[in-house]
Structure formats: C-alpha cells, structure tokens
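The values are calculated or read from the model by the stated rules, or taken from the named source; none is laboratory data. What you see is a predicted model; the values in this text were computed from it and never measured. Counting neighbours? That spans all protein chains shown, and the Cβs are built from the backbone with ideal geometry, glycine included. With ligands, DNA and RNA removed, areas are computed over all heavy atoms of the protein, side chains included. Shrake-Rupley method; radii C 1.70, N 1.55, O 1.52, S 1.80 Å.
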Amino acid sequence: MACFVVPAVEAVVVSAVDKCTRKKEVQNAVSEDAVSESSAAIPFRQKIKWLTRMLWGGCILLAFEHLWHGEIVPWFPFLTAMSDPGETREMLHEMLTVGVTMAALITVVWMAMCVVADVIVKRPAPCDVQHPAS
C-alpha cells in the first residue's frame, strides 16, 4: 500500500546529507593544496550518491507498481488506504514491517557495496614483472 514511503523518507534524508557533504568537500578542496595519499580512495560523497540513487530508484519503481494496482490516486488523500480507518491501520503496519525492512535492506546492501569497493580500490596492482627465460 504505502511501503515505498519509508525508503522515500530515507532518500530525502540521504539527499540532504549529500548536499551537506558536497558543501564540505568543496570547502576542503579549496583549502587543500597538495594531493593526499587517499586520493585513490572513493570519496564518501560518491558513496552517498550510490545510496541516494538506490533509494530513489526503488521508490520510483514501487510507487509506479502501487499506481499500476490502483493504490495511489491523483486526488487527496492520494493513498486509497487512507480513506478507511481500518485500511489505514493495515497501511501503517505494512509501512512499519515491509517499508522499514526494504529501507534497511537497501542500506545494508549499500554498506556491503562500499566495503567491497574500498577493498577493490586498496588492492595492490598486479606486478608486471617478466620472468627470465630458462
């Protein structure tokens, strides 16, 4: 019914964090003259952008699915479950169970992506040493 609302709220919060980190990185880039050793690392802002895109993409797909099934309408209160108090209770239960689970799963997958990306970036380059012919 409205399970996409929880990841949408998380996406809004993460988008705000992305804006804040963008401002901080611009300030840090201006103040730093030398290139640091961690320049090969993936910046946190890029990782936040991954999470933002994952959350917004999932929300858009879920909202389209709910629209397709007639659970979202173009007039107030926009969610058909909000027109009946009994259905509102069921909708809130779905948001608390399915919506929170989906948002948490997306965040856990993102964290795993960040760990794997950091491991790959920090992995030493393969040696290009040629062995002498015997």
Requested in this report: Give me D for the chain in µm² s⁻¹, whole number, from Stokes-Einstein with Rh from the Kirkwood sum over alpha-carbon pairs, 25 °C and 0.890 mPa s.
Outcome: 135
Query raised in the report: Which whole-number percentage describes the relative contact order of the chain, with Cα contacts under 8 Å and a sequence gap of 6 or more?
Result: 42
**Report entry** For the chain, accessible area per residue (1.4 Å probe, heavy atoms of protein chains only), Å²
**Finding:** 73
Query raised in the report: Given a 1.4 Å probe and every protein chain left where it sits, what share in percent of the accessible area of the chain is carbon and sulfur?
Result: 69
Report summary line: Ignoring ligands and nucleic acids, Ile60 exposes an accessible area, probe 1.4 Å, in Å² to the nearest 10, of 110
Requested in this report: Using a Förster distance of 35 angstrom, determine the FRET efficiency expected from the C-beta separation of Asp118 and Val98, and round it to 0.05.
Outcome: 0.70
Requested in this report: Would you tell me the accessible area of Leu62, worked out with a 1.4 angstrom probe on the heavy atoms of the protein chains, in Å² to the nearest 10?
Outcome: 40
Query raised in the report: Could you sort Lys19, Lys49 by accessible area so the largest value comes first, with the probe set to 1.4 Å?
Result: Lys19, Lys49
